[in-house]
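Step one of this worksheet: look at the structure below.
Quick note: the coordinates plus some simple rules give every number you see, no bench work behind them. Everything quoted here is computed from the prediction, not taken from an experiment. Backbone-built Cβ (ideal geometry, glycine too); neighbour counts: all protein chains shown.
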């Protein structure tokens with residue numbers, strides 16, 4: 001039985017997260033422009049700004065550090081390419097969640113307050129997620145994959 005292309009699967013997952021975030025931002029714009037959700041008070045807005053900035057900064061810093069640590073573990077693993085790819089996929093999903101979560105929170109802040117600063121923060125996180133898209137060539141180098149391992153990860157014949 002042929003395995004799915006691990007590189008494409010990771011790319012599809014990333015694209016789905018990206019599209020979900022774009023759709024949520026568009027929904028936020030529509031809700032604010034149509035004034036479906038009334039703006040909250042100024043006190044709430046200030047508190048939520050601080051919360052969003054703290055969550056954003058913490059999420060990005062902690063997420064990147066966790067990603068780096070998990071990526072190094074994947075790179076230094078002596079296991080087969082499939083195992084290293086699984087470790088890398090886990091690191092990516094964690095990193096992307098740490099980017100996307102604060103971005104969604106910022107968009108919620110925009111919906112609740114109608115303050116474009118929240119929307120800008122959400123777009124910043126969307127941009128970060130876009131920048132950290134998986135690229136096959138980078139993955140091959142990062143994980144020290146051999147041509148045989150790449151062929152197996154692409155769904156080629158299982159070789160041992």
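Structure notes:
- 71, 85 arranged by Cβ crowding within 10 Å, fewest neighbours leading: 71, 85
- Choice from 41, 63, 28 with maximal GNM fluctuation in the chain (Cα, 10 Å cutoff): 41
- Least to most buried among 11, 84 (fewest other Cβ within 10 Å first): 11, 84
- Ranking of 45, 100 by neighbouring Cβ atoms within 10 Å, starting from the fewest: 45, 100.
- Each Cα pair under 8 Å and six or more residues apart adds its sequence gap; the mean of these over the residue count of the chain is a relative contact order of 39 percent.
- Per-residue ellipticity at 222 nm from helix content only, as computed over the chain with -39500 (n - 2.57) for each DSSP H run of at least four residues, stands at -27500 deg cm²/dmol.
- For residue 83 and residue 8, the FRET efficiency from 1/(1 + (r/R0)^6), where r spans their Cβ atoms and R0 equals 22 Å, is about 0.70.
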